[in-house]
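The values are calculated or read from the model by the stated rules, or taken from the named source; none is laboratory data. As the structure is a computational prediction, the values presented were derived from the model and not from experiment. Here the Cβ positions follow ideal geometry from the backbone for every residue, glycine too, while neighbour counts run over all protein chains shown. The area values use the complete protein model at the heavy-atom level, side chains included, leaving out ligands, DNA and RNA. Shrake-Rupley method; radii C 1.70, N 1.55, O 1.52, S 1.80 Å.
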Amino acid sequence: MINVLVFVGSFLAGKLTPLVDVSGCTFSGPVDVITAYLSLYNTHAGCFRPYQLFTYMFMHGGISHIFFNMLTLAFMGPILESYWGVKRFTIFYLITGVGAGLFNIFVDLVFHVGGFGTMVGASGAIYGLLTAFGMLFPNMEIQLLIPPIPIKAKYLVLLLGGLSFMMDPSGNTAHFAHLGGVVFGFFIITAWRKQGN
């Protein structure tokens, strides 16, 4: 609900209020006030603020971006939430989302790859949930709509993860944020298992 409300708010803000000129940061022109303040800016930009590591995951760049993220969340979220409970599910979602942003920044700062101007989207948290789903329910069969075949969760997670890296030749997708969600998700599940949870 928060993702959808922020998306609608961003759309309305762009229509109802004056656009903000943040061309000195990383946007090439004026944007709505919600996008200007809640997107995650590259640490090289003067507009980076630590709180953006939290807020960026509730922003989305377009209708297809939010649709596919929320579709995946609606598919896995209820199963994981009923398995963990609301509190643990929320903690996992937020940690993997923030972790995805941190991971992308780390890769950019240390290895000088995966650089970005601004970043938005719940994809890092979604990939964390995908990882958790594949680790907790690896042999659960899921019926796909297109093509209409059953597939085990572990293979679906590998397939979706691989497609993420192959489907955006333009480089507009924060692939290292997706990978960061996977990495943080894996370590959280592994830590919880060691604690007997």
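Where a ≥ b ≥ c are the square roots of the eigenvalues of the C-alpha gyration tensor, would you call segment 61-197 rounded, which needs a/c under 1.5, or, failing that, prolate if a/b is larger than b/c, or oblate?
In terms of gyration-tensor shape, oblate.
Can you bin segment 2-130 into rounded, prolate or oblate? Criterion: square roots of the alpha carbon gyration tensor eigenvalues sorted a ≥ b ≥ c, rounded for a/c under 1.5, prolate for a/b above b/c, oblate for the rest.
Working: a/c = 2.33, a/b = 1.32, b/c = 1.76.
Oblate is the answer for segment 2-130, as a/c is 1.5 or above yet b/c matches or exceeds a/b.
Can you give me the distance in nm between label points at Asp21 and Ile151, each placed 7 Å from the Cα along the Cα-to-Cβ direction?
Here the modelled spin labels are 4.8 nm apart.
Select from Gly181, Gly61, Gly162 the residue whose mean-square fluctuation is largest in a Gaussian network model of the chain (Cα-Cα springs shorter than 10 Å).
Maximum among the listed residues: Gly162.
Where the accessible area of the chain is counted over protein heavy atoms with a 1.4 Å probe, how much of it, in %, is carbon and sulfur? Don't jump to the answer; show the numbers that get you there.
Values: 7600 of 10730 Å².
Carbon and sulfur atoms account for 71 percent of the accessible area of the chain.
Using a Gaussian network model of the chain with C-alpha springs under 10 Å, which one of Tyr41, Tyr93, Tyr51 is most mobile by mean-square fluctuation?
Between Tyr41, Tyr93, Tyr51, it is Tyr51 that shows the largest mean-square fluctuation.
First obtain the Kirkwood hydrodynamic radius of segment 14-53 from its Cα pairs, then insert it into the Stokes-Einstein equation at 4 °C and 1.567 mPa s, and state the resulting D in µm² per second as a whole number. Don't skip to the answer; put the middle values down first.
Details: Rh = 10.4 Å.
The calculation lands on 125 µm²/s.
Give me the 1.4 Å probe accessible area per residue for segment 1-160, excluding ligands and nucleic acids, in Å². Write down the numbers at each step before the final one.
On the way: 8420 Å² over 160 residues.
Accessible area per residue: 53 Å².
Rank Gly181, Gly196, Leu5 by how far each Cα sits towards the positive end of the charge dipole of the chain (+1 on Lys, Arg Cβ; -1 on Asp, Glu Cβ) and give me just the farthest.
Gly196
Cα gyration tensor of segment 62-130, axes a ≥ b ≥ c as square roots of the eigenvalues: rounded (a/c below 1.5), prolate (a/b > b/c) or oblate? Each step should come with its number before you reach the end.
Values: a/c = 3.29, a/b = 1.62, b/c = 2.03.
Oblate shape, in that a/c is at least 1.5 and b/c is the bigger or equal ratio.
Can you give the FRET efficiency to the nearest 0.05 for Lys194 and Phe106, using r as the Cβ-Cβ distance and R₀ = 25 Å?
Details: r = 24 Å, r/R0 = 0.96.
Efficiency at R0 = 25 Å is approximately 0.55.
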